[in-house]
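Undergrad: Please see the structure below; I have some questions.
Where a number appears in this text, it was derived from the coordinates with a stated rule and is not lab data. Everything numeric here is computed off the predicted structure, so don't read it as measured data. Please note: Cβ atoms are built from the backbone with ideal geometry, for glycine as well, and neighbour counts cover all protein chains shown.
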Amino acid sequence: MLRRMRTPRLLFLGLLGLVAAPAMAQTEPEPATAEPEGEPAVDADEAPEAVADEREMEAPPPPPPVPAPPLAPPPALDTLAVQAEASLVTVRCQGAPLATGFVTSGEKIVAHRDVSRCRRALSVSFGDTAVDARLVSDRVGASVLVLEESLGRPALELRDEAPARGEAVFAVGLAGDGGPGAAIVTEGVVAHADERRILADVALPEDAEGGPLLDRSGRVLGWVGDIDDGGLVRVIPIGPLAAELATVTPASEEIRPSVYPGLGFSFAAIWDSGDRLFGGSALFAADILDRLVLRAEVGVYFHDDDDFAQETRRVMTLVGAAVGYRLRGVFPGGRSVSMVPSVGFALSHDKVETTTHRLGFVDPECDTTTETCALATSSEYAETTEWRYRPTLGLRLSAGSLELGYEALFDFSEIADTGHRLHIGFRF
């Protein structure tokens with residue numbers, strides 16, 4: 001009986017266990033996960049903002065910013081010198097170096113204002129090549145020249161805007177006679193700039209007056225003038241000069257004739273009528289178009305001849321005028337020599353003073369055989385004057401301001417009495 005009742009109960013309990021087992025398996029607790037080392041556990045109730053701030057504080061720092069690329073350094077002085085020297089020229093007055101200049105558009109030459117003081121032939125040279133030039137403007141503080149023929153040099157670019165204070169600048173000049181390798185470049189910065197002038201602390205190169213002041217790109221800011229107070233170089237801005245260059249006649253053939261007046265003096269010796277006279281003269285001359293030469297001259301010459309019996313003093317005042325034509329030869333380096341054959345006339349005034357000394361007895365009736373006779377001297381003075389008009393032929397050689405010359409003074413009434421004059425002098 002008991003065995004019959006136990007069997008159904010066991011079956012019931014087994015079926016109940018099969019039904020309850022899946023439900024119990026779903027309610028088993030999940031195993032706890034281990035917290036990472038070094039990080040505290042985060043409370044689920046904590047605010048999300050606090051968690052985000054904490055994570056941002058623990059984020060790695062950002063990479064450092066990349067520095068901006070540095071400004072381009074100024075060009076090397078050697079590079080700038082090579083670029084600029086092709087446009088630098090030497091301005092000469094009658095073959096003598098006078099100033100530095102530079103070539104601008106249309107082969108117009110900008111040079112120092114002293115060029116306008118030249119009253120002789122102007123030329124522009126680069127190395128051994130030289131061409132004739134003519135001054136056409138000096139109204140803006142600089143001299144502007146045009147060339148008789150092309151020199152074949154490149155032009156420098158002009159910069160219209162004024163430089164800034166502290167901007168790097170370069171003063172360029174020439175050494176010697178110019179040409180390749182002759183550029184002198186010094187570097188500095190702008191101390192002041194306005195419409196009238198630029199002041200920079202560049203060291204002024206020797207003979208650099210009239211050379212350009214360049215920026216780092218090789219453009220012309222102005223032309224170098226004189227040293228200002230405080231050791232700064234005074235530069236004339238290129239702005240007013242650029243406006244003047246635009247009005248300059250580009251071809252020398254269109255320029256009105258130019259007259260270059262000058263003054264001078266000379267020492268001379270004259271051989272005339274058997275006498276040799278020495279003296280000096282002052283002259284005025286004018287060169288027209290550097291070819292035709294007009295001269296006027298006044299001189300005084302003396303001759304003294306003394307002996308026991310007679311003293312002679314001759315004074316010649318000579319007034320002459322002549323017209324000549326200049327022929328020029330140019331040598332390597334741009335130096336030149338001029339030869340001027342001329343024809344003219346001379347008007348001379350001769351004054352001859354003669355003093356004759358005689359020796360005799362005090363008493364003309366004194367008998368030298370019986371008595372002692374006293375001696376006495378007497379003098380007789382005579383003066384003669386003469387005006388003479390003479391045609392002249394002359395030849396003068398000049399280099400710079402130095403002149404050497406010869407002149408023949410003809411006398412048609414007596415060809416054998418032709419006079420000769422040799423002179424050396426200076427003309428300015």
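Undergrad: Could you work out how much longer the chain between Glu386 and Thr418 gets when fully extended? Use 0.36 nm per residue separation minus the Cα distance between them, nm to one decimal.
TA: 9.9 nm
Undergrad: Taking loop as defined by DSSP and a crowding limit of 10 other beta carbons within 10 Å, which GluC sites (Glu not before Pro) in segment 285-370 fit? Don't skip to the answer; put the middle values down first.
TA: Values: sites: Glu297, Glu311, Glu353, Glu365; in loops: Glu365.
Those satisfying the criteria are Glu365.
Undergrad: Can you sort Glu187, Glu85 from fewest to most other Cβ atoms within 10 Å of each residue's own Cβ?
TA: Details: Glu187 17, Glu85 24.
Ordered by Cβ neighbours within 10 Å, fewest first: Glu187, Glu85.
Undergrad: Could you please rank Met339, Met316, placing first whichever residue has the fewest other Cβ atoms within 10 Å of its Cβ? List each step's numbers first, then the result.
TA: On the way: Met339 14, Met316 23.
With the fewest neighbours first, Met339, Met316 line up as Met339, Met316.
Undergrad: Separation between the Thr247 and Arg358 pseudo-spin-labels, each 7 Å from Cα along Cα→Cβ, expressed in nm?
TA: 8.1 nm
Undergrad: What's the exposure ranking of Tyr301, Tyr406, going from fewest to most Cβ atoms within 10 Å? Each step should come with its number before you reach the end.
TA: Working: Tyr301 23, Tyr406 14.
Exposure proxy ranking, most exposed first: Tyr406, Tyr301.
Undergrad: With charges set only on the Cβ (+1 for Lys and Arg, -1 for Asp and Glu), what does the dipole of segment 267-311 come to about its Cα centre, in debye to the nearest 20? Write down the numbers at each step before the final one.
TA: Working: 3 positive and 10 negative charges, 93 e Å.
The dipole of segment 267-311 has a size of about 440 debye.
Undergrad: Please say if segment 259-427 is rounded, prolate or oblate, where rounded means a/c under 1.5 for a ≥ b ≥ c the square roots of the C-alpha gyration tensor eigenvalues, and otherwise the choice is prolate for a/b larger than b/c and oblate otherwise? Don't skip to the end; give the middle numbers.
TA: Numbers: a/c = 3.98, a/b = 3.18, b/c = 1.25.
Prolate, because a/c is 1.5 or more and a/b exceeds b/c.
Undergrad: Going by average Cβ neighbours within 10 Å, how do the peptides 148-156, 279-287, 167-175 rank, with the highest at the top? Intermediate results must be reported in sequence, preceding the final value.
TA: Values: 148-156: 14.3, 279-287: 18.0, 167-175: 22.0.
Those peptides, ordered most packed to least, come out 167-175, 279-287, 148-156.
Undergrad: For a protection proxy built on the mean count of beta-carbon atoms within 10 angstrom, sort 381-390, 98-107 highest first, please. Mind showing how you got there, number by number?
TA: Values: 381-390: 11.8, 98-107: 22.1.
Going by the mean number of other Cβ atoms within 10 Å, highest first, we get 98-107, 381-390.
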